[in-house]
Each structure stands twice: as structure tokens, then as C-alpha cells.
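What follows is calculated from the coordinates using simple rules that are stated; it is not laboratory data. Predicted model, so just to flag it, every value in this text is computed and none were measured. For neighbour counting, all protein chains shown are included, and Cβ atoms are generated from backbone atoms with ideal geometry for every residue, glycine included.
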Amino acid sequence: MTEAEEGFLSVTLEDTSTREPAPVDVDTTDNYHYTRDDWYKLFSQDGYLKVLKQFALSGELQRSNLRSICWKLFLGVIPEDQSQWIEASNLSREKYAALKQKYMIDPHKDVEASLDLNVHNPLSLEEDSPWNQYFQDGEIKQIITQDIVRTHPDQMFFRQQDIQNSMLDILFCYAKEEPDISYRQGMHELLAPILFILHAESRDDVQNDDSLSPALKVVMDPACIDADAFALFSELMEGMQHFFLSASLESDIIRARQQKNSNRHVRKPFESDEVYLPTSSIARKLDKIHDVLLKNADEQLYYRLRDLGIPPQTYGIRWIRLLFGREFHLPSMLQLWDALFVEGNSLGLMDYVFVTMLTLIRDTLLTDDYSTCMQLLMKYPPWFEVSDLVQRALHLRNPARYPDPVPHVREWTQINEDMHTPSPNQLHIQEDRSPPEVVKMSHKLANKTKSVFAQATKQMHIPKKQLSLNTKLSLPKPSGGGGGGGEGKSKSNGSTSAMTPLSASEEQEMIRNPKVCFYIYQFYRYCTVHLL
Amino acid sequence: MARATDKKYDHLFQLLLCGDSSVGKTCLISRFADNEFRHTHINTIGIDFKLKLFTIRDKKIRMQIWDTAGQERYETLTAQYYRKAQGIILVYDITREETFRNVTKWLRNIEDHGVKGVKIILIGNKVDLESERKISTRHGQKLANQHNIKFFETSAWKDINVTEAFTELAEQILAKVESGGGRDRGSSSIRESAIKLHEQQPTPATKSHGGCCSGGSSN
């Protein structure tokens with residue numbers, strides 16, 4: 001990024017961060033005002049797309065009510081030039097309408113007069129009988145429906161029949177349009193957030209506001225949500241579809257395509273070996289993430305996972321196929337997708353997010369046993385802040401351009417490592433190295449810990465000795481004793497001391513100390529992973 | 001470094017569940033491992049993992065249960081887990097004919113990828129939906145007999161026969177391990193490390209112990 005760009009960005013960032021409080025009549029039109037504000041602030045300047053992308057990376061889009069337009073821009077459903085929005089929107093909507101008409105065959109309604117009854121009857125064995133097609137389609141629809149009814153079971157939005165119908169239509173049209181891949185499990189969870197966002201942001205008051213640009217109204221037309229969801233989903237799948245192929249399916253497709261192109265295809269040296277490798281794209285991608293990126297970023301962790309015998313495919317297939325959808329709650333996931341979509345469907349940051357997620361839980365992975373590690377990877381702990389995660393991923397990819405976002409956490413990690421090595425000299429931490437954000441972070445952690453604690457206490461099956469937070473936190477000095485923080489839970493000596501509340505001043509005192517923060521952090525993680 | 005907890009069991013068994021999508025594999029595991037049931041379960045993508053500590057004949061068994069996605073029949077990854085499993089639970093849905101028809105395909109898959117002599121049981125799930133039943137008990141039993149494996153009809157929802165089925169499989173594996181015919185990581189090795197892709201350990205032939213399951217037709 002050039003200096004000029006950066007200057008421009010910082011001005012705009014400042015501008016938006018001082019978002020004016022909503023007007024007096026917020027009660028009824030609260031969100032709408034934000035929508036209008038967003039429109040004027042985010043979309044009305046030259047070069048606005050660059051700014052939007054910066055916002056997506058910094059987490060600022062989380063507050064926007066025009067995220068669906070940002071996604072359309074990032075994924076290329078509409079171009080940056082707003083004068084082309086109406087045309088682009090109409091084109092993609094017409095395409096979806098045409099696909100629906102083409103694929104939604106219902107022979108019951110086919111009432112042409114001159115029908116050949118040898119073909120047009122339900123018992124016909126003819127290949128091109130519409131009935132034959134109808135029955136085959138029914139099977140695909142049944143498979144899709146099985147997954148749709150299981151989409152985000154806790155979200156009422158996805159329990160609505162019309163939403164489920166929309167999902168079925170979209171996934172079915174995609175399956176027919178891409179017969180090589182058809183429908184694969186997991187696609188429904190890529191579609192779901194897209195549909196959710198489009199519904200959440202479409203508002204009648206946008207349509208009724210004469211002061212807003214006609215282009216905006218067309219792009220946000222509530223009547224075209226399904227078509228727009230299909231367009232966004234198809235663009236996303238352009239980048240994702242090969243992750244849904246299994247090895248055999250993939251080689252079948254490659255072979256078929258090669259036969260098709262055999263006349264003009266010139267085989268490059270060694271090509272055949274590569275093509276017929278009996279592993280799937282996703283397996284190869286995960287190997288690459290593991291063997292190259294993770295190894296570079298954190299060699300110790302790389303060897304640890306290898307020694308444990310946990311291949312990245314075990315947990316990573318789900319991470320990638322669902323774009324981390326099960327690893328985060330919906331709002332956090334949307335924020336993560338903002339950042340991932342910045343580079344369009346090449347999803348360039350995905351691999352770095354993957355590795356960052358591993359390094360964030362490295363302490364447990366390095367010290368705990370196979371089962372604990374496996375459970376942690378299969379059920380990723382939910383507390384990390386997405387903007388922090390994205391900043392770390394950016395830093396991992398390009399340290400020169402993106403500074404390390406939270407060096408103090410590094411520091412804590414360093415403490416942890418030191419705890420395991422008997423060199424007390426390294427344990428000294430200078431007070432003045434605790435910048436304000438450490439204190440801020442400490443407060444957050446302490447608050448989180450308290451609520452986790454309360455929950456944990458309620459669950460009677462937890463042995464009290466594991467709840468002795470005070471024993472661990474009141475360690476005055478870790479003076480070379482080793483085995484402090486990380487292993488505290490297995491060494492609590494059966495202490496059954498009940499939790500006594502800390503006074504406010506004690507609490508203040510404690511959380512100013514990075515070492516204590518680290519204990520809290522470790523403990524919080526322990527609770528989340530093991531007890532809840 | 002091994003922790004004290006690693007030794008708290010006598011045997012470590014690895015089980016794998018397979019079968020078509022939506023037959024109730026994840027629900028069976030949830031019922032067995034956590035004694036819970038949810039009507040709306042999210043579907044499994046790739047593979048999932050659950051632990052259960054379980055006691056049979058005073059032996060503490062630590063079970064690593066691998067849950068596979070129904071649509072992943074041809075996935076190379078799944079094949080790697082087949083090779084590790086000492087026991088496989090093959091599930092169909094008694095209300096959906098095609099899931100029963102596909103049992104044969106799954107069995108062929110197990111034959112291709114699983115270790116020789118792996119213990120298998122067949123489960124017809126969702127007997128709580130008796131009015132929608134498409135596959136009779138007799139049909140299920142007959143298929144199981146043909147392949148010389150044990151058969152159970154279960155309901156993860158109503159908690160019918162679930163523990164019994166898992167126990168039967170664990171019993172079979174335990175019998176095999178105790179007779180010296182099977183791999184067992186728990187007692188021989190303290191360190192628990194289950195899935196190693198490069199590890200290819202053929203199981204010694206155990207024909208003398210009755211091959212697969214001698215009790216196959218006794219149910």
C-alpha cells in the first residue's frame with residue numbers, strides 16, 4: 001500500500017469511528033439510519049472499495065448494515081463502478097430465473113398437446129423422459145433437504161419454511177448447473193450465512209427513501225434475495241468447489257475433462273503423476289498448510305502434531321469446507337468472512353487464518369495428551385476475538401506490512417515456555433512492559449473467567465479441586481519452581497479450598513500483573529475446554 | 001511426557017461409525033457417550049471424535065469413537081480411519097430403504113479398507129418410528145447373518161439397545177484382545193497416540209478364534 005493510500009485510509013477510518021449517535025427517533029428506525037449513514041460514509045467517495053476492504057480486515061464491517069453489498073463487491077457479483085450496478089444485478093437475477101425455469105421440471109404441469117406418450121409417462125424407461133429426470137432430481141433434492149433441516153438448528157431464522165425452500169432451490173440449481181460436483185454436504189452451511197445477511201439487511205425503508213441512489217435500491221431489492229444469494233454462493237463456490245471433491249470423484253472429473261480436451265491437450269512433463277495422485281484437493285491443501293506454513297510459523301507445534309499423529313485432515317476438512325463456520329459463533333464468523341472475502345474467491349487469507357488458529361492454542365497442544373488435543377481441535381475454543389485473529393493472520397503472511405498485533409500475548413506465551421524450563425532468571429517481568437492494552441485485555445479475561453467460573457461451579461460433576469482458582473492465582477512468585485501455570489491443574493494437590501471472592505483492590509492488583517493474567521488465561525482456557 | 005490420566009484404563013479401543021447420511025450415527029454416539037439426544041443435530045463434515053470411558057467385566061475401556069460423514073464414502077481420509085478401527089458400527093435407518101440397500105456397499109468398503117478380522121456390528125436405527133418402518137427386523141437379521149455379524153435394532157431417541165450394541169462390540173474386541181489376537185494400545189503402551197498415517201500394522205491372523213464373530217446367527 002502506498003503512503004498516499006494509507007493517508008487516505010486513516011482519514012476515513014477516523015471519520016467512521018466517530019459514528020454519530022443515532023437520531024432521536026431511534027426506537028423504530030434505528031438500523032435504517034445506520035444503513036443510510038453507512039451508505040453515505042462508506043460508498044460515496046472515490047476509491048471506496050479499497051476502504052471497504054480495509055474495514056473488512058480491521059473488523060469495522062461488523063457494525064455495517066451494508067455488508068451484503070460489500071460481499072457482492074468483494075466476490076465480484078457487482079463491479080466497483082456504481083453506474084453498472086443495476087445492469088449487473090439484473091443480469092445475474094435473470095440468470096437465476098432462467099436456471100430455475102430450466103431445472104425445476106414438473107411433468108405434472110407439462111401439458112403440451114403433442115406429447116409422445118412413450119416418453120412422457122411416469123413409467124417410461126427412456127433416458128430423456130421428463131419423468132425420469134423428475135425422479136432423479138427428487139433424489140438430489142432429498143439429499144439437500146436432509147441437510148437443510150439440520151442447518152443451524154438453534155437459529156429460528158433457518159427453521160422458517162420459506163427460508164428452507166429458498167435454500168433448496170438455490171442448492172438444487174447449483175447442483176444441476178455443476179453436475180460434476182452436484183451437491184456435497186457442507187455447501188448448505190456456506191449458503192446459510194449469505195442468505196441470512198441478505199434477509200437481515202433488506203429493508204423496505206431503503207426502497208421508500210427517495211434521497212437514496214436508485215442503484216442502491218436495486219442492489220438491495222428484497223424481491224431478489226434468492227437470486228442474489230445464488231450469485232454470491234456461486235461466486236464463493238468458484239473458489240471452494242474443489243475442496244468438496246473426494247479423491248475418486250476428482251480423478252473421474254479430471255479424466256473426463258482430459259478426454260474431452262484430448263485433441264488440444266499437450267501433456268507437460270511429470271503431469272500425469274500429479275493428476276492421478278489419489279488424494280483429494282482438500283487433503284493436498286491441508287498437507288501444504290501443515291508442512292509449509294505451520295512448519296515455518298511454529299516448528300515446535302508442527303513436530304508436536306506430527307508426533308501425536310494428528311493429521312490436519314482430521315479437523316481441517318471441516319475448518320476449510322465450512323470456512324470456519326463451526327469454529328465461531330455466527331456474528332464472529334461473519335466478521336471472519338468479511339476478511340476472507342477481501343481477496344475475492346481466492347480466499348487468500350484462509351491458510352494463514354488456519355495456521356493462526358493452531359498457534360493460538362499451541363500451549364495446550366504442546367503439553368496435553370492426544371485425546372485432549374484432539375478434542376480441542378475438534379471443538380475449537382470460542383473465545384478468541386476475530387479481529388485479533390485476522391490481524392495475526394495478516395502479520396503471519398506479511399510481517400513487514402502488518403505489525404504483530406498483540407506482542408504481550410507473545411510475552412505470556414514466553415512465560416509459559418519459561419515455566420517449563422528451570423531457568424528462573426528468565427521469569428522476571430518488568431512492570432513497565434505492561435502497556436495499557438495488557439491491562440485492558442486482563443480485565444476482559446478476568447471478567448470472562450468469572451462467568452466461566454460461575455458456570456463451572458454449577459456443574460456438580462466438576463471436582464472442587466479443579467476450581468481452586470485462588471491456589472493458582474495467589475502463587476506469589478514462580479521462583480524457579482517450574483511446573484507453574486500450564487501444569488497447575490494436575491498438581492493442585494487435592495486442595496478443596498472453596499473460591500473466595502476477591503476484593504476490588506486485590507483484583508485490580510492481580511490483573512495488572514501479566515503473569516497473573518497468564519494464569520487466568522490458562523485457567524479460562526482449561527475451563528472452556530475441559531469443563532463446559 | 002505421559003500423564004497420570006493416561007493410565008486410568010486397561011484398554012484403548014478405537015471404533016468407527018459409518019453408514020448413509022442422516023441414519024443417526026452422531027445421535028447414537030451422543031446417546032452412548034453423553035446420554036443425550038437432540039432432534040436437530042448438525043451434520044458431520046469430514047470426521048468427528050468422541051471419547052467414552054466404559055467398564056466391561058471389571059476392565060476399564062477407553063473408547064475413541066470416530067464419527068464419519070455419510071457422504072464421505074469415497075473419501076481417502078475415511079479410509080485411513082478404517083484401517084485404525086478395531087470395531088466398526090454400520091448403521092442404517094429402518095425407515096429408509098436406500099440406507100439399507102447401501103449396507104452392502106459399506107460392507108464392501110470396510111472389506112477394502114479395514115483391517116482383516118475387524119469386528120463389525122450392524123444397527124438398524126430409529127425403531128421409535130415403527131409406523132414408518134420400511135425394513136423388517138427379519139430382513140436386517142438376515143443380512144447380518146449372511147455376513148456373520150451381530151445385528152441390533154436401536155433407537156437413539158428412546159434409548160433402546162444403544163448401550164447394548166456398543167457393549168457387544170466392545171466385548172468382541174476385548175475377547176479378541178485378551179486372546180492375543182488384536183492390537184491393543186492401552187495396555188502395552190502408555191503413550192496414547194492413535195492415528196498415524198504411515199503406520200501400517202497388519203493384524204495377526206486369528207482364524208483359530210472363530211474368525212469374525214461366531215455368535216453372528218444367535219441373535
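Structure summary
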quantity	calculated
Inter-label distance for residue A:211 and residue A:33, nm, one decimal - labels placed 7 Å from Cα along Cα-to-Cβ	1.2 nm
The stretch B:9-81, Cα convex hull volume normalised per residue, Å³	86 Å³
Gain in span if fully extended, residue A:296 to residue A:80, counting 0.36 nm per residue against the direct Cα distance	74.1 nm
Ranked list, fewest to most other Cβ atoms within 10 Å of each Cβ, for B:127, A:386	B:127, A:386
Burial order of peptide ranges B:102-109, A:308-315, B:154-161, B:60-67 (average beta-carbon count within 10 Å, highest first)	A:308-315, B:60-67, B:154-161, B:102-109
Placed amide H near residue B:93: partners under 5 Å, 5+ positions off or other chain	B:99, B:100, B:125
Distant alpha-carbon pairs in the stretch B:31-128 (separation over 24 angstrom), percent	26 percent
Over 19 Å between alpha carbons, listed pairs A:102/A:176; A:379/B:126; A:50/A:285; B:59/B:116; B:84/B:158; A:288/A:379	A:379/B:126; A:50/A:285; B:59/B:116; B:84/B:158; A:288/A:379
Cβ neighbours within 10 Å from other chains - mean over A:302-315	4
Residue order, fewest to most surrounding Cβ atoms within 10 angstrom, among B:44, B:137	B:137, B:44
Using a Förster distance of 56 Å, the FRET efficiency for residue A:100-residue B:116 (Cβ separation, nearest 0.05)	0.65
Inter-probe distance in nm under a simple model that places probes 7 Å from Cα toward Cβ, at residue B:56 and residue A:142	3.5 nm
Full-extension gain in nm, residue A:178 to residue A:242, via 0.36 nm per residue minus C-alpha separation	21.9 nm
Calculated FRET efficiency for the pair residue A:330/residue A:369, C-beta based, R₀ 41 Å, to 0.05	0.80
Shielding of B:17-23 by partner chains, average beta-carbon count, 10 Å	2
Efficiency of FRET between residue B:148 and residue B:128 - r from beta-carbon atoms, R0 35 angstrom, step 0.05	0.80
Number of partner chain Cβ atoms within 10 Å, mean per residue of A:143-156	3
Length gained when the stretch residue A:165-residue A:90 is fully extended (0.36 nm per residue, less Cα-Cα span)	24.8 nm
